[in-house]
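Here the structure comes first, spelled out in structure tokens, and everything after it is commentary.
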Amino acid sequence: MSEVKISAATRTEFGKGAARRIRREDNVPGVLYGHGSDPLHLTLPGHDLLMALRTPNVLIALDIDGKTNELAIPKSVQRDPLKGFLEHVDLLLVKRGEKVTVEVPVHTEGELAPGGYLLEHVLNALPVEAEATHIPEAVTVSVEGLEAGASILAKDITLPKGTTLAVDEDAVVLQVLAAQAEEAPEGEETVEEEAAEA
């Protein structure tokens, strides 16, 4: 996984008014925490952060005030519900070689068996433990030829070297359902059946 370098500045102003001012300047207020250190309040460049967050579990190399360099991963991102711009970000401080627990998106490839089956994503993301600088961007699962009743468990998914499951290995990740046919409710006869009885 590649690192994205972002310059950040420490901030001393807090509250809604300060946050609005920061966002008006196309920046995003954030907090860096972890390893028992006091939370560090930061101002981050909005566009750079938005581009970085397009990659799930991106590793961010922070240059803080041009003095300190820290590694972090996004832990919580708040967006404006209507306009989608970033409102606030929580970053978790990580060290090289350290294991972290994150959720990795599950991608599928292949076609289900013919017959109008539906694929249900029970888990959209798979909880895994990986080294902070080697977090997989996603895991890919083949659903080629699966029929109704088939399911893929967490233990069935091949993980990159150095990555382990952080969820019960028998947890269902994907399952194939039969398409629901429209049925008349019990006790109600269809028009055709009534015509046949008349």
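Give the number of residues within segment 19-39 that are open to solvent by 60 Å² or more (accessible area, probe 1.4 Å) and of a type outside the set (S, T, Y).
10
With respect to K99, determine if the residue is surrounded by fewer than 18 Cβ atoms within 10 Å (Cβ to Cβ), of a type outside the set (A, V, I, L, M) and under 19 Å from A130 (Cβ atoms).
In short, yes.
Among the residues of segment 135-142, is there at least one that is open to solvent by 30 Å² or more (accessible area, probe 1.4 Å), over 9 Å from V173 (Cα atoms) and either among the basic types (K, R) or not in a loop (DSSP other than H, G, I, E, B) (or both)?
Taking every residue of segment 135-142 in turn, at least one turns out to be open to solvent by 30 Å² or more (accessible area, probe 1.4 Å), over 9 Å from V173 (Cα atoms) and either among the basic types (K, R) or not in a loop (DSSP other than H, G, I, E, B) (or both).
Taking interchain pairs and intrachain pairs at least six residues apart, which have beta carbon atoms under 8 angstrom, with the first residue in segment 62-74 and over 14 Å from H41 (Cα atoms) and the second open to solvent by 60 Å² or more (accessible area, probe 1.4 Å) and assigned to a loop (DSSP other than H, G, I, E, B)?
L71/K95; L71/R96
So V77 passes all but one of these: (1) modelled with pLDDT of 85 or more; (2) assigned to a strand (DSSP E or B). Which condition number does it fail?
Against the list (1) modelled with pLDDT of 85 or more; (2) assigned to a strand (DSSP E or B), V77 comes up short only on (1).
Hey, among L91, L119, L126, which residue is open to solvent by 40 Å² or more (accessible area, probe 1.4 Å), assigned to a strand (DSSP E or B) and of a type in the set (A, V, I, L, M, F, W, C)?
It is L119.
Which condition number in (1) at pLDDT below 85; (2) closer than 18 Å to A9 by Cα; (3) hydrophobic (A, V, I, L, M, F, W, C) is the one that A61 fails?
Here A61 meets the rest and fails (1).
The values are calculated or read from the model by the stated rules, or taken from the named source; none is laboratory data. Just so it is clear, the structure is predicted and the values come from calculations on it, not from any experiment. Virtual Cβ from ideal backbone geometry, glycine too; neighbours counted across all protein chains shown. Each accessible area value is taken on the protein alone, full model and side chains, heavy atoms only, with ligands, DNA and RNA left out. Shrake-Rupley method; radii C 1.70, N 1.55, O 1.52, S 1.80 Å.
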